[in-house]
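The values are calculated or read from the model by the stated rules, or taken from the named source; none is laboratory data. No experiment lies behind these values; they were computed from the predicted model shown. Note that we place each Cβ from the backbone using ideal geometry, even for glycine, and neighbour counts take in every protein chain shown. Accessible surface areas use protein heavy atoms only, side chains included; no ligands, DNA or RNA. Shrake-Rupley method; radii C 1.70, N 1.55, O 1.52, S 1.80 Å.
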Amino acid sequence: MHKDSAVGIHDLSFATGHYVLDHREIANHYSVDINKFHLGIGQEAMSVPAADEDIVTMAATAARPIIDRYGTADIRTVLLATETGVDQAKSAGLYVHSLLGLPSAARVLELKQACYAATAALQFAAALVSRDPSERVLVIATDIARYDAGSPGESTQGAAAAAMLVTAEPAILRLDRPSGLFAADIMDFWRPNYRSTAVVDGKTSIAAYLQAIEGAWKDYTERGGRPIDEFAAFCYHQPFTKMAHKAHRHLAEFSGAAAEPDDIHDAIHTSTLYNRVIGNSYTASLYLGLASLLDHRDDLAGKPIAMFSYGSGSVAEFFGGTVMPGYREHLRTAGHRAAIADRTPIDYAGYRSLHELSLPVDGGDHALVEEGRGPYRLAGLSGHKRIYQARSRR
Ligand code: HMG
């Protein structure tokens, strides 16, 4: 196993939407037993963005505390991963680059492969830093998960952005090699350009996820990865938190590890606490899981943890990281808890009116009503341009 590269996550910060929809609202609306959500899919609530929030405002909000702490110097690359793109040509990262006042000597781009793209961005960032350890890379995963109202996917929506500063000698998590990779051309979940909601075959998607974990784990072991019982904890992509249970049980059985309910709980529970109340955040989901794990466990210094990234369509990666000594001093636990606790509750009707809202496409001047309270907002549209602003009452 290669252990030479001290490159990884130096800082990790997330932001989420302005509103929160409790799953009891969905259960009441459809007259469904709430246990289908609480136990069946492991979700209690989901974030809903305000009308003047989008992937750009969430991304800038997530990254702002990192810039406030470490400044902008030496950030020469911004990689923004999303499947909720706002433009077919221009990278959403450029709006974020501007809102954060990042240096003009920078490469900025957007990456897409469903929920997997943030992991690609993280690995590309690590490669850049390995080549020149004086450089720092800002990686941002930002997404709004949207399915048709009334479809099975509706209860697995959500929204969040996770920002990571990737550096040499990281304070939080060193990325270890090897990675186990898996790719397969499968139509389990996709979103054609003309749709604002995803198309998904739920059962196929769950089977594809489990097939991908087998493939990625097999590649990981063939390339000399750690035995499964060396990992102190596991973080999975979480479209809903029950998926992490299914995934870990599957991996444990496949790899010969302990797979009793208590073993699965111990391996993953703390990584599911944020996702359970935020919902699916696509590219950001795995990194919210990492934030949840680190914020809720104080015994991980020096220990290896496992990460499994899955993006429908599909690409998957299994990789390990080693938690750095003193990591807890660098976490943003209070900010993360506030991002969750400060959301404004919304009822089912309020969520539906936001869900059905679409921005004008006529190229005219349209100001958006101020609604959220994050540091950045989508103020309007003009001549087919999106106008972003720092909120005056910051
Ligand atoms: P559904 O038809 O609403 O629910 O679809 P269900 O009938 O399958 O029930 C779900 C679970 O709740 C079942 O448990 C039921 O038994 C249980 P399971 O068999 O799965 O263990 N249940 C109850 N438990 C206790 N008390 C009750 C009760 N009632 C039922 N009263 C589905 C669920 C997840 C398929 C749907 O929400 C969906 O299609 N979601 C979107 C797709 C998705 O999230 N797929 C996950 C894998 S793909 C992925 O992760 C990639 C993705 O993030 C996209 C990307 O990569 O960009 C989605």
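Among the residues in the stretch 6-27, are any more than 16 Å from the chain's Cα centre (by Cα), open to solvent by 10 Å² or more (accessible area, probe 1.4 Å) and within 15 Å of the ligand (Cβ to nearest atom)?
Yes, because at least one residue in the stretch 6-27 is more than 16 Å from the chain's Cα centre (by Cα), open to solvent by 10 Å² or more (accessible area, probe 1.4 Å) and within 15 Å of the ligand (Cβ to nearest atom).
Those residues that are touching a residue at least 24 places away in the same chain (Cβ under 8 Å), under 26 Å from A171 (Cα atoms) and out of contact with any Ser or Thr (no Cβ under 6 Å at 6 or more places or on another chain), I need them from the stretch 338-350; list them, please.
Once the filter is applied, which keeps residues that are touching a residue at least 24 places away in the same chain (Cβ under 8 Å), under 26 Å from A171 (Cα atoms) and out of contact with any Ser or Thr (no Cβ under 6 Å at 6 or more places or on another chain), the stretch 338-350 yields only I340.
Would you be able to tell me the number of residues in the stretch 113-137 that are without any contact (Cβ under 8 Å) to a residue 24 or more places away in the chain and more than 20 Å from Y70 (Cβ to Cβ)?
Qualifying residue count, the stretch 113-137: 2.
What number of residues within the stretch 285-339 are among the hydroxyl-bearing types (S, T, Y), within 16 Å of the ligand (Cβ to nearest atom) and within 21 Å of Y274 (Cα to Cα)? Outline the logic, then answer.
Filtering the stretch 285-339 down to residues among the hydroxyl-bearing types (S, T, Y) leaves 285, 287, 292, 309-310, 312, 314, 322, 327, 333.
So of that shortlist, the ones also within 16 Å of the ligand (Cβ to nearest atom) come out as 285, 287, 309-310, 312, 314.
Next cut, within 21 Å of Y274 (Cα to Cα) only: 285, 287, 309-310.
Adding up the residues that qualify gives 4.
Being closer than 17 Å to D148 by Cα, out of contact with any helix residue (DSSP H, G or I) (no Cβ under 7 Å at 6 or more places or on another chain) and assigned to a helix (DSSP H, G or I) is the filter here; which residues of the stretch 180-233 pass it?
Across the stretch 180-233, the qualifying residues are K203, S205.
Among the residues in the stretch 208-219, are any in contact with a His (Cβ under 9 Å, 6 or more places away or on another chain) and within 18 Å of N280 (Cα to Cα)?
yes
If we scan the stretch 219-226, do we find a residue that is of a type in the set (S, T, Y) and under 17 Å from S312 (Cβ atoms)?
Taking the stretch 219-226 and keeping what is of a type in the set (S, T, Y), we get 220-221.
Filter once more, keeping what is under 17 Å from S312 (Cβ atoms): none.
No, the stretch 219-226 has no match at all.
Of the residues I34, I67, which single one is away from the ligand (no atom under 14 Å from the Cβ) and either closer than 30 Å to P304 by Cα or open to solvent by 30 Å² or more (accessible area, probe 1.4 Å) (or both)?
Exactly one residue qualifies, and that residue is I67.
Determine whether the stretch 303-319 contains at least one residue that is buried (at least 18 other Cβ atoms within 10 Å of the Cβ), closer than 21 Å to R64 by Cβ and of a type in the set (V, I, T).
Within the stretch 303-319 (the criterion being buried (at least 18 other Cβ atoms within 10 Å of the Cβ), closer than 21 Å to R64 by Cβ and of a type in the set (V, I, T)), the answer is no, since none of the residues qualifies.
Please go through (1) farther than 18 Å from I144 by Cβ; (2) open to solvent by less than 80 Å² (accessible area, probe 1.4 Å) for L368 and return the number of the only condition it doesn't satisfy.
Exception for L368: condition (1).
Name every residue in the stretch 252-271 that is surrounded by fewer than 16 Cβ atoms within 10 Å (Cβ to Cβ) and part of a helix (DSSP H, G or I), in order of residue number.
Selection gives E253, F254, P261, D262, D263, H265, D266.
So, in the stretch 178-203, how many residues would count as being without any contact (Cβ under 8 Å) to a residue 60 or more places away in the chain, crowded, with 18+ Cβ neighbours inside 10 Å and more than 14 Å from the ligand (Cβ to nearest atom)?
0
Taking A89 as meeting all but one of (1) of a type outside the set (K, R); (2) surrounded by 20 or more Cβ atoms within 10 Å (Cβ to Cβ); (3) away from the ligand (no atom under 16 Å from the Cβ), write down the number of the exception.
(2)
Within the stretch 150-177, restricting attention to residues that are in contact with a helix residue (DSSP H, G or I) (Cβ under 6 Å, 6 or more places away or on another chain), open to solvent by 10 Å² or more (accessible area, probe 1.4 Å) and within 16 Å of the ligand (Cβ to nearest atom), which residue is nearest to F189 (Cα to Cα)?
P152
Would you please name the residue that is farthest from the ligand (Cβ to nearest atom), looking only at residues in the stretch 206-248 that are of a type in the set (S, T, N, Q) and more than 18 Å from R297 (Cβ to Cβ)?
T221
In this structure, does R332 turn out to be among the basic types (K, R) and open to solvent by 30 Å² or more (accessible area, probe 1.4 Å)?
On the way: among the basic types (K, R): yes; open to solvent by 30 Å² or more (accessible area, probe 1.4 Å): yes.
Here the answer is yes, as R332 does meet what is asked.
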